[in-house]
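Notes follow once the structure below has been shown.
What follows draws every value from the coordinates through simple rules; no lab data is involved. Computed from a predicted model, the values in this text were never measured in an experiment. Note: ideal-geometry Cβ built from the backbone for every residue, glycine included; neighbour counts use all protein chains shown.
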Amino acid sequence: MHLRGHGTKANRQEGLSWYRRAADAGDPRALTFFARHEQTAGRYLAAKALLEEAASQGHLPAVIQLGYLYDHGLGVSRDSKRAREYFEQGASEGYVFAMRFIAGQMLRGEDGLLGIPKGMVMLFKGLVEILRLRIRDPESDKGRL
């Protein structure tokens, strides 16, 4: 609430301090939040460590973010296969952005020429799913990165 000014005056430092408390207590959502904060600042190794901790607790948004790091080679060697493994975990649970990343790999030809049309279909299915989520459950993590 402090971070975004919901119900109170926005205070970034106060908001970050509450997230830090939750992360220090091991909350996977807070760990993932701080990982994104570190990633935005270009501190990819710190982001990776936080994401690995959150992912070890089964927090799928952290798993998907790890896939993103490997897919783009941010703080790690680019590894499409490892990224794909992370994305498939998320996609199997209905996370739209994991589906989008897999579709992107297919469209780039990483699954061969036959993967390109499959990637187009997966991308379309992901778009339909995100629209469905936004209407039925706008607070769902499954429609967020």
Any chance T8 is within 22 Å of V63 (Cβ to Cβ), out of contact with any strand residue (DSSP E or B) (no Cβ under 6 Å at 6 or more places or on another chain), of a type in the set (V, I, T) and surrounded by fewer than 19 Cβ atoms within 10 Å (Cβ to Cβ):
no
So the check is Cβ under 8 Å with 6+ separation or different chains; which pairs have a first residue in the range 48-75 that's without any contact (Cβ under 8 Å) to a residue 24 or more places away in the chain and a second one that's of a type in the set (S, T, N, Q) and part of a helix (DSSP H, G or I)?
L51/T32; L51/Q65; Y70/S80
Heads up, the helices (runs of 4 or more DSSP H) in the range 32-108 (entirely inside) with at least 3 residues that are farther than 21 Å from L127 by Cβ are 44-55, 60-72, 80-92
Please enumerate the residues belonging to the range 38-51 that are surrounded by fewer than 17 Cβ atoms within 10 Å (Cβ to Cβ) and of a type outside the set (A, V, I, L, M).
T40, G42, R43
Taking the range 45-74 and keeping residues polar (S, T, N, Q) and farther than 19 Å from F101 by Cα leaves S56, Q57
Restricting to the range 17-54, what's the tally of residues that are small (G, A, S) and either under 15 Å from L74 (Cβ atoms) or in contact with a strand residue (DSSP E or B) (Cβ under 9 Å, 6 or more places away or on another chain) (or both)?
6
